[in-house]
Amino acid sequence: MPHTSRATIGAVIIGRNEGERLRLCLASVLPFTRAACYVDSGSTDGSVEMARAMGAEVLSLDLATPFTAARARNVGYRHLLDLHPRLRFVQFVDGDCEVVPGWIDAARSYIEAHPNCAVAFGRRRERYPTKSIYNRICDLEWNVPVGDALSCGGDALFRLDALVLAGGYRDSLIAGEEPELCLRLRRLGWRVHRLDQEMTRHDAAITQWRQWWRRAVRTGHAFAEGAWLHGASPDRHWVHEASRAVLWGMVLPVTIALLGLFVSPFAWLLVLIYPLQWIKLTIRQNSPLIAFLTLTGKFAEVQGVLKFCMTKLLGRTGRIIEYK
């Protein structure tokens with residue numbers, strides 16, 4: 001990458017106890033950026049010392065305030081801007097990801113050539129897709145269509161003036177912070193674009209059912225909070241997704257149970273809607289197991305929806321839902 005290009009780009013990496021994965025991440029961005037800021041959230045494995053030794057700016061979050069990835073990213077990019085006010089772009093990347101060579105330059109070139117583009121992202125791949133069915137599903141989820149998109153994920157190159165104009169991420173969100181930010185950017189007239197380019201390799205490290213369940217709970221929480229924040233707008237942000245989780249994970253089973261117990265025992269036959277839906281999903285996804293996980297995941301998602309509703313009802317602050 002030419003020096004003049006590198007001088008305008010910063011990187012923000014967030015993580016906790018990522019170990020070797022963090023080393024690979026830092027090594028993949030430091031040579032291609034003016035400065036990289038690693039924001040740590042309570043690591044005990046020497047991540048802070050390693051990042052500092054590799055040449056990254058290091059910040060440790062005050063954990064007296066509940067941690068969110070959104071808050072960590074905001075702290076990181078604002079710190080970089082304070083140190084390097086002439087930066088024009090920032091590459092956000094999670095500490096368990098490695099940026100593919102050539103990605104940062106390709107993303108920067110695209111944004112520079114398209115003045116109305118605020119965010120460029122590419123193909124995030126799972127590093128070990130055959131290690132578990134859950135890793136494989138993550139890899140499939142990340143393969144979104146090339147072209148203009150509604151949102152990006154945690155790895156993306158941002159135009160800094162657009163990010164600042166939008167006010168950055170919403171600190172309080174414990175999940176779904178990227179789609180919420182992208183929604184606000186699009187309302188301001190900016191575009192979010194998925195390039196036909198390899199971007200990052202990610203280590204999901206989901207090998208157990210309970211991890212997958214907690215990830216789905218977090219997804220349901222994000223759906224509910226996104227719908228609560230922006231569902232009444234014309235965008236109807238995540239209203240469909242939250243409603244679908246509630247329908248399949250709560251409304252249908254409760255309705256069937258009530259009809260079967262108090263109206264007619266034949267009503268229990270309505271439970272056949274679930275195997276029928278499984279068959280439909282199997283045909284669509286070409287995998288009986290993925291179809292099963294998609295369907296059962298709705299019960300985990302509705303748990304996340306209810307968790308969000310209870311948090312709001314009690315006036316509490318949401319806490320991150322970890323699955324690793």
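Throughout, read-outs are computed from the coordinates displayed, never taken from laboratory work. Everything numeric here is computed off the predicted structure, so don't read it as measured data. Cβ placement follows ideal geometry from the backbone for every residue including glycine, while neighbour counts extend to all protein chains displayed.
Things worth noting here:
- Among Glu20, Glu57, Glu241, the largest mean-square fluctuation in a Gaussian network model of the chain, built with springs joining Cα atoms closer than 10 Å, belongs to Glu20.
- Between Ser60 and Asp40, the built amide H atoms are under 5 Å apart, and every one of these is 5 or more places off in sequence or on another chain.
- Rounded to 10°, Cα long-axis angle of helix 20-29 versus longest principal axis of the chain: 50
- Here the relative contact order of segment 139-209, from alpha carbon pairs under 8 Å that lie six or more residues apart, stands at 43 percent.
- Applying a DSSP loop filter and a limit of 15 other Cβ atoms within 10 Å to the trypsin sites (Lys or Arg not before Pro) in segment 37-87 leaves Arg86.
- Estimated from the Cβ-Cβ distance and a Förster radius of 45 angstrom, the FRET efficiency linking Trp209 and Ala27 is about 0.85.
- Structure remark: mean-square fluctuation, Gaussian network model of the chain, C-alpha springs under 10 Å; the largest value among Phe32, Phe292, Phe67 belongs to Phe292.
- Taking the chain as the region of interest, the number of lysine pairs whose Cα atoms are within less than 30 Å, with members eight or more places apart or on different chains, is 10.
- Amide hydrogen proximity for His114: with H placed 1.01 Å from N in the peptide plane, no residue at 5 or more positions away or on another chain lies under 5 Å.
- In Hz, Karplus ³J(HN,Hα) per residue of segment 218-233 (6.51, -1.76, 1.60; θ = phi - 60°; x = Gly, Pro): 4, 4, x, 4, 5, 4, 5, 5, x, 5, 5, 6, 10, x, 7, 7
- For segment 236-242, the Karplus equation 6.51 cos²θ - 1.76 cosθ + 1.60, evaluated at θ = phi - 60°, returns couplings of 6, 4, 6, 5, 4, 5, 5 Hz by residue, with Gly and Pro reported as x.
- Shape category assigned to segment 241-294 from the gyration tensor of Cα positions, a/c cut at 1.5: oblate
- Degrees, to the nearest 10: 69-83 long Cα axis against longest axis of the chain: 10
- Segment 97-226: C-alpha gyration tensor shape, a/c 1.5 cut-off, then a/b vs b/c: oblate
- Diffusion coefficient, µm² s⁻¹, Stokes-Einstein with Kirkwood Rh over alpha-carbon pairs of the chain at 20 °C and 1.002 mPa s: 102
- Listed residues Gly15, Gly297, Gly167, most fluctuating in the chain (Gaussian network, C-alpha, under 10 Å): Gly167
- Mean Cα-pair separation over length for the chain, i.e. relative contact order, pairs under 8 Å, 6 or more apart, %: 17
- Fraction of antiparallel bridges per DSSP, the chain only, in percent to nearest 5: 30
- Couplings 3J(HN,Hα) for segment 286-292, derived from phi with the Karplus relation 6.51 cos²θ - 1.76 cosθ + 1.60 (θ = phi - 60°), are 6, 7, x, 6, 5, 4, 5 Hz, where x marks Gly and Pro.
- Close amide H contacts of Arg125 (hydrogens built in the peptide plane, cut-off under 5 Å, sequence separation of 5 or more or a different chain): Met199, Thr200, Arg201, His202.
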